[in-house]
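To start, the structure itself, in structure tokens.
The values are calculated or read from the model by the stated rules, or taken from the named source; none is laboratory data. Everything quoted here is computed from the prediction, not taken from an experiment. Neighbour counts are summed over all protein chains in view; Cβ atoms, including those assigned to glycine, are modelled from backbone coordinates with ideal geometry.
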């Protein structure tokens, strides 16, 4: 004859298995979001630095593109530096250099978002 706690034997194992799966999914989502935000911030910083470099009086647009590519390759990976463009434009009557970077969104696994991320950096053009 058995005595003690009847039907609760082994329920902690089941509870742990259910909760561990949910915690793992939440953790993976947080890691995915953190990675995407890190890449976005790095691309914005690289584009802004490339625009500042191209806006110098003794530099050309190609110099800004090259600087942006170099920073992205050093910070992330060469695949993120494939689509970098720099143009001169006018914003509120002021000449500016605009560097645009289009890169893939980093995906950790097949469940993450697919697509591209486009960021822009601007700097006032120095007079020659």
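Points to keep in mind about this one:
- Of all the listed residues (79, 64), the sole one being in a helix (DSSP H, G or I) and over 19 Å from residue 116 (Cα atoms) is 64.
- Condition met for residue 14 (modelled with pLDDT under 95, in a helix (DSSP H, G or I) and surrounded by 11 or more Cβ atoms within 10 Å (Cβ to Cβ)): no
- Selection from the range 54-70 of residues that are surrounded by 16 or more Cβ atoms within 10 Å (Cβ to Cβ) and either under 14 Å from residue 103 (Cα atoms) or touching a strand residue (DSSP E or B) at 6+ places or on another chain (Cβ under 8 Å) (or both): 54, 55, 61, 64, 65, 68, 69
- Scanning the range 87-125 for residues that are in a loop (DSSP other than H, G, I, E, B), loosely packed, with under 13 Cβ neighbours inside 10 Å and either modelled with pLDDT of 90 or more or more than 18 Å from the chain's Cα centre (by Cα) (or both) yields 92, 93.
- For the range 90-128, filtering for residues that are within 18 Å of residue 44 (Cβ to Cβ) and touching a strand residue (DSSP E or B) at 6+ places or on another chain (Cβ under 8 Å) leaves 21.
- Tally of residues being surrounded by 17 or more Cβ atoms within 10 Å (Cβ to Cβ) and closer than 22 Å to residue 107 by Cα across the range 32-53: 7
- Of all residue pairs spaced 6 or more apart or on separate chains, those with beta-carbon atoms under 6 Å, a first member in the range 73-84 that is at negative phi and in contact (Cβ under 8 Å) with a residue 40 or more places away in the chain and a second member that is buried (at least 17 other Cβ atoms within 10 Å of the Cβ) and assigned to a helix (DSSP H, G or I) are 80/72.
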